[in-house]
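Engineer: Handing you a structure now.
The values are calculated or read from the model by the stated rules, or taken from the named source; none is laboratory data. Only a predicted model underlies this, so the values are computations on that prediction, with no experimental measurement involved. All Cβ positions, even for glycine, are placed from backbone atoms using ideal geometry, and neighbour counts span all protein chains on display. The accessibility values were calculated without ligands, DNA or RNA, using every heavy atom of the protein model including side chains. Shrake-Rupley method; radii C 1.70, N 1.55, O 1.52, S 1.80 Å.
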Amino acid sequence: MTLSPVLAPASFDETERHCPRLGAVVRRVAVSLVIACVIPASLFYTCFRVYGVWTAIIVALCWSYGAIAWRALTGRRTSGLLLLTALLITARTIISLAAGSTFLYFIQPIISDAIVGTAFLASLATARPMVARLAGDFYPMDDELHLRPRIRRLFRNLTVLWAALCLIKAGLTLWLLQSTSLETFVLVKSISALSINMLAACATIGLAVLVARKEGLLHPLPVVATA
């Protein structure tokens, strides 16, 4: 399996570093989600159907570290989302292999989602909630931006949103695991998890754009001249 440079989106260029275009921000979010979530899930399900669950587990793990290695070799920043995904997959794989149990592999996302959701909620008690710490992956942030009231409020609201998302996913995954066959579980979980993540990403972008427009943080929309 080879990795293409498209897997590592370029940094904002100098003309857009302080006021990037909306398309550039959306592209970074979309590519990060594809690399960290969509591709591993697709690889896992395909390998699961063709080669079995253990091969699927190893392939998903190799993809995450391959993407990290590619970004390091090409001098690109590795997103916090990709690092978090790789860390969680690594822990799940090690525990499952050590116990020789695929059930443990599938029960761990329930635990990890619950932990991540709780961590997001706990971060609200700190100066920078979790979303504020990840925002630099998608928009050039500095201390002045972090201190703006609207930006601080946005990060807190988005942190609550993603905390709720993780906790809902944990409950949904537990119900699926207990009530469906393994094959149905893998298929439904892959589709539902990706759908929930995409919807949440769209909501995140929408809320962020509203605030960014008010704060003058996005490149102005082009004005169409009329005759």
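Engineer: Ordering 186, 50, 160 from largest to smallest accessible area (1.4 angstrom probe), what's the sequence? Display every interim value, and only then the final one.
Structural biologist: Values: 186 5, 50 95, 160 70 Å².
Final ranking, largest accessible area leading: 50, 160, 186.
Engineer: Please report, largest first and rounded to whole Å, the three semi-axes of the ellipsoid equivalent to segment 30-113, where each semi-axis is the square root of five times an eigenvalue of the C-alpha gyration tensor.
Structural biologist: Working: eigenvalues 100, 39, 26 Å².
So the three semi-axes of segment 30-113 are 22, 14, 11 Å.
Engineer: Which residues does a label at residue 182 reach in segment 41-68, if reach means a backbone N under 20 Å from a point 7 Å past the Cα toward the Cβ?
Structural biologist: The answer is 41-62, whose backbone nitrogens lie closer than 20 Å to the label point.
Engineer: Please compute the modelled spin-label separation between residue 214 and residue 128, points set 7 Å along Cα→Cβ, answer in nm with one decimal.
Structural biologist: 2.3
Engineer: So if R0 is 22 Å, what FRET efficiency would residue 42 and residue 74 give, r being the distance between their Cβ atoms, rounded to the nearest 0.05?
Structural biologist: Result of the calculation: an efficiency of 0.45.
Engineer: Per residue, what volume in Å³ does the convex hull of the Cα atoms of segment 180-221 enclose?
Structural biologist: Residue-normalised Cα hull volume stands at 63 Å³.
Engineer: When averaged across all projection directions, what area in nm² does the alpha-carbon convex hull of segment 107-207 cover?
Structural biologist: Over all viewing directions, segment 107-207 projects a mean Cα-hull area of 6.6 nm².
Engineer: Averaged per residue, what accessible area in Å² does segment 81-203 show with a 1.4 Å probe, protein chains only? Don't skip to the answer; put the middle values down first.
Structural biologist: Details: 6240 Å² over 123 residues.
It amounts to 51 Å² per residue over segment 81-203.
Engineer: Taking only C-alpha pairs under 8 Å that are 6+ residues apart, what is the relative contact order of segment 31-188 in percent? Could you put the intermediate results ahead of the total?
Structural biologist: Values: 129 pairs, mean separation 32.6, N = 158.
21 percent.
Engineer: Taking θ = phi - 60°, what integer Hz values does the Karplus form 6.51 cos²θ - 1.76 cosθ + 1.60 yield along segment 39-51, in sequence order, with x for Gly and Pro?
Structural biologist: Ordered by residue, 3J(HN,Hα) equals 5, x, 5, 5, 4, 4, 5, 4, 5, 4, 6, 8, 10 Hz.
Engineer: Additional query: Please tell me the relative contact order of segment 112-201 in percent, rounded to the nearest whole number, where contacts are Cα pairs under 8 Å and at least six residues apart.
Structural biologist: Relative CO of segment 112-201 lands at 36 percent.
Engineer: Here is a follow-up. Report the full-extension gain for the segment residue 198 to residue 98: residue separation times 0.36 nm, less the Cα-Cα distance, to one decimal in nm. Working shown, then result.
Structural biologist: Values: separation 100, 0.36 × 100 = 36.00 nm, distance 3.30 nm.
Between residue 198 and residue 98, full extension yields an extra 32.7 nm.
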